[in-house]
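Visitor: Got a structure for you, written out below as C-alpha cells; questions coming shortly.
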Amino acid sequence: MILYLARRLLALAGVLLAIAAVTFLIFYVLPSDPAAAACGKTCSAERLADVREYLGLDQPLWRQFADFLTGIFTGRTLGSGQYAVQCDFPCLGYSYENSLPVWDLLMDRLPVSASLAVGAAVLWLVLGLGAGVTAALRKDTLTDKALMVGAVAAASLPVYFTSVMLIYGVIRIAGLLPYPTYQAFSGDPLGWATNLLLPWTALALLYAAMYARQSRGSMIEAMAEPYIRTARAKGMPERVVVVKHGLRSGMTPILTIFGMDLGGLLAGAVITESIFGLPGIGRLFYGALVSSDQPVVLGVTLLAAFFIVVANLAVDLLYAVIDPRVRY
Amino acid sequence: MTTTAPAAARDGSAAPATGSSPWQLARRELRRRPAVRVSLCVVVLLVLMAVTAPWLGALGGWSPEEYDKSAVDPYLGGQPLGSFGGIGPEHWLGVEPVTGRDLFARVVTGAQVSLLIAFAATAIVVVTGTAAGIAAGYFGGRTDAVLSRLMDLTMSFPSLIFMIAMLSVAKDVNRIVLMTAVIGVFGWPGVARVVRGQTLSLRHREYVDAARVGGSSSWRILTRDVLPGVCGPVIAYTTLLIPGMISTEAALSYLGVGVRPPTPSWGQMIAESVAYYETDPMYFLIPSVFLFLSVLAFTLLGDALRDILDPRGGRT
C-alpha cells in the first residue's frame, strides 16, 4: 500500500511537471508576446525591451522554465535592480491586470468554485443515482423509459441554455430566489445555499443525466449477480440488498467518472460562473482571457490540472474502501 | 438474442449462416424503437442542411452576413418588427435584433460550421485513437507502455481550460482548422482505450495466429485481421463522440474563443442572443433548439448503434 502510494505520488509529480511544461510552452512559445501584453498597447520598442528583460524573457527557454518551476516550489525574485519583487512560495507570478500575486487571486476565488462544485456534485449524485437505481429496479417499465429519455434530454441541453431558463423562470418570473451573489458558508449557511441553489441545479442537471445512465447500467449488471440472490435467500430486506450489495459493487465505474468530473469542475466551471456572475476561478480565468492576462491563465490551468490529477489519485485509493476485492 | 454481430462486423460483408447481419439488426432496432427512427431522420436532415448550406441558405433570399435595417425597429432599440422575432414570409426564422440579419441563413450556415468542426474533430480523434489503440494492444511491451502513459497524461489535462487557453493564445490562424485540431487533440485517449482493450482480446485469436503463421506481415495482420474486428465498437463510440464534439464546439464559440464573427456558429449565436432572452426570446430559442436537437439526435442514434454493434453493450 505504501509502496503503491509512493509510486502513484511520483507519477503524479511527473504528470504535473509535464502539464506545467506544456502549459508553459503554449504561453511562451506560441506566437504570443507576454511582454507586449504586459506592456500594454502604447509601448515603445525601448520600453518593450525593458519589460522583456524584467520578465526574464531574454533568457533561454529552459532557463525561464526552470525559474518558473523554482518559483512554484520555493518562491523567487522577479525582475532585477530597484524594481525587484520578492514572490513568495508558491509563486505563479503576478497578474498583468492588477499586479496581485496569481496565487492569492486563485486562493481568493477557490471557496466560491469549491462551493459551486461540491454542492452541484452532491445534488447530481443524489439525482443521478436516484434516477439510475430506480430505473434499473423497474427495468423496461414506463418509469424506466421516462427516466432515461429525460436523462438523455437533460444531458443534451447546453448548460448556458438551462442556466438562462432557470434565471428567467425561477428568478424573473416566479421571484422565488434572489439573483445569485456569493455568500461565505461560515457567515450564513442558509444564504449560502439559497444563493447557490440555481447554479447547482444547472450544473447538476447536466451531470446527473450521465450518472443516471451509468448507474442504471451497472445496477442492472450487479443485480443479476449470484450474490444478490444469495443475499435475498438469506432473507435480507430488499433495501439492504439494493444499497449494500447492489449499489456498492455498481459504484466503482461511477466513482471513476465522479473523480474526473469533480476535479475538472473545481477550476473549470467557466460558463456557469460567468452566467450566474459568481466570482469563482472559472470567471477569473475568463476575465484573464479577455484581457490577455497570461500569468493568471497559466495559473488557473495548472491549478485545474492539479485538481484533476489529485482527484484521480483519491478515486483510486477509494476503490480499496468501496470494493474489498481491490488490493494495492 | 444472438451475439453474431461482432463476427459479422469483423468480416465486414457476408452475414454468417446463422444469426443476423448488422444491417438486419439495425433495421430490427429501428422498427423496435421509434425514437431511434426519429433521431435518424433528424441526423440525416441536419447533415443535408449542413452539406447544402450555401444553396439552402440562398433559398430564403438572404446571405448570413447581410444587414436588413428595414426588419428592425430603430425606435425600440433595434427590436425586430413583427411578432415572434420577425418571423414571416420575408425572414423565415425571424431576424437578429439591431442588425436585422436573417436568422434562417445564419442557422443554416451555423449548422455547416458546427457540424464541419464536430465531424472533422471526430475524424481526427477516431483515426488517431484507433491507430494508437491497435498499436498499443497488438505490439504490447514498450510501445504499449509509452502509448498508455501518453493516454493517461492526455486525460489528466483539464481539456476545456486547455482548449480555451490554446485558442485564445493563437490569434491569426484559420479558426475552423485550429478548433478542429484543438478539440481533436484531447479526445483520442477514449477511443484508444476502447480499441486497445478490443485488440488485446483479438491478438491471439486463432485466425490472427493463423495469419501470422502463414507469413503475413504485421501491417497486413493489423489492417486485414485486427482492424475489422475493432470496427464495431469504434463505430458505436464514434457516434457517441459526435454530440460531445458539437457541444464542445458550441461551448468554445459561446465563450468567444471559437469561430470569429461574422461567420456564424450555433454557440456564438446563442452567446450573442443571451442578452435578448427576455425582449426577443425567439432569437435565443432558435439556435438553442437546433443545438439541443442535434446533440439529442446523435446521442440517441449512438445509443442504438452501441446496442447493435458493441458486443458487451446492453444486449442480454
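What follows is calculated from the coordinates using simple rules that are stated; it is not laboratory data. Just so we're clear, the structure is a prediction, and the values are computed from it rather than from any experiment. No Cβ is skipped: glycine too gets one built from the backbone with ideal geometry, and neighbour counts run over all protein chains shown.
Visitor: Where the centre of each part is set by its Cα atoms, how far does the range A:180-221 sit from the range A:126-165, in angstrom?
Guide: Here the two parts' Cα centres lie 14 Å apart.
Visitor: Explain nothing, just the number: dipole magnitude of the range B:48-309 about its Cα centre with +1 on each Lys and Arg Cβ and -1 on each Asp and Glu Cβ, in debye rounded to the nearest 20.
Guide: 1320 debye
Visitor: Counting other C-beta atoms within 10 Å, which of A:F27, A:F89 has the fewest, and how do the rest follow?
Guide: A:F89, A:F27
Visitor: Right, next: Of the residues B:A251, B:A105, B:A165, which exhibits the maximal mean-square fluctuation in a Gaussian network model of chain B defined by a 10 Å Cα contact cut-off?
Guide: In this elastic network of chain B, the residue with the biggest mean-square fluctuation among B:A251, B:A105, B:A165 is B:A165.
Visitor: I want to check the label-to-label distance for B:R31 and A:V122. Put each point 7 Å from Cα in the C-beta direction and report it in nm to one decimal.
Guide: Placing both labels 7 Å beyond Cα along the Cβ direction yields 5.1 nm.
Visitor: What is the range B:237-305 by shape, rounded, prolate or oblate, if you read a ≥ b ≥ c off the alpha carbon gyration tensor as root eigenvalues and call it rounded for a/c under 1.5, prolate for a/b larger than b/c, and oblate otherwise?
Guide: oblate
Visitor: At what distance in nm do the modelled label points of A:M260 and B:S201 sit from each other, each positioned 7 Å from its Cα along Cα→Cβ?
Guide: With each label placed 7 Å out from Cα toward Cβ, I get 1.9 nm.
Visitor: Please state the relative contact order of chain A as a whole percent: Cα pairs under 8 Å, 6+ residues apart?
Guide: Relative contact order comes out at 22 percent.
Visitor: Please give every one of the aspartates and glutamates within straight-line cross-link reach of A:K244, meaning a C-alpha to C-alpha distance under 17 Å, and leave out same-chain neighbours fewer than 8 residues apart.
Guide: Reachable aspartates and glutamates: A:E221, A:E225, A:D323.
Visitor: Indicate the gyration tensor shape class of the range A:137-266 (rounded, prolate or oblate), computed on the Cα atoms with a ≥ b ≥ c the square roots of the eigenvalues: a/c under 1.5 is rounded; otherwise a/b larger than b/c is prolate and the rest oblate.
Guide: Prolate, since a/c reaches 1.5 and a/b exceeds b/c.
Visitor: Moving on to the next point. In the Gaussian network model of chain B, springs joining C-alpha atoms below 10 Å, which of B:D102, B:D303, B:D209 carries the largest mean-square fluctuation?
Guide: B:D209
Visitor: Same structure again: Round to a whole angstrom and tell me the spacing of the C-alpha centers of the range A:270-297 and the range B:228-305.
Guide: For the range A:270-297 versus the range B:228-305, the Cα centre distance is 22 Å.
Visitor: Multiplying the sequence separation of A:L142 and A:T74 by 0.36 nm and subtracting their Cα-Cα distance, what value in nm do you get?
Guide: Stretched fully, the A:L142-A:T74 segment lengthens by 18.4 nm.
Visitor: Put one equal scatterer on each alpha carbon of the range B:48-309, apply the Debye formula with no solvent term, and list log10 I(q)/I(0) at q = 0.09, 0.11 1/Å to two decimals.
Guide: Debye output, listed in q order: -0.51, -0.69.
Visitor: List the residues, sorted by chain then number, that are 5 or more residues from B:D280 or on another chain and whose placed amide H is less than 5 Å from its amide H.
Guide: Under 5 Å from the amide H of B:D280: no residue qualifies.
Visitor: Starting from the Cα of A:L10, step 7 Å along the direction of its Cβ; do the same at B:D209; then give the gap between the two resulting points in nm.
Guide: Each label point lies 7 Å from its Cα, and together they span 3.7 nm.
Visitor: Additional query: Using Cβ counts within 10 Å as a stand-in for footprinting exposure, how do A:T74, A:T201 rank, fewest first?
Guide: A:T74, A:T201
Visitor: By count of other Cβ within 10 Å, fewest leading, how are B:S294, A:S99 ordered?
Guide: With the fewest neighbours first, B:S294, A:S99 line up as A:S99, B:S294.
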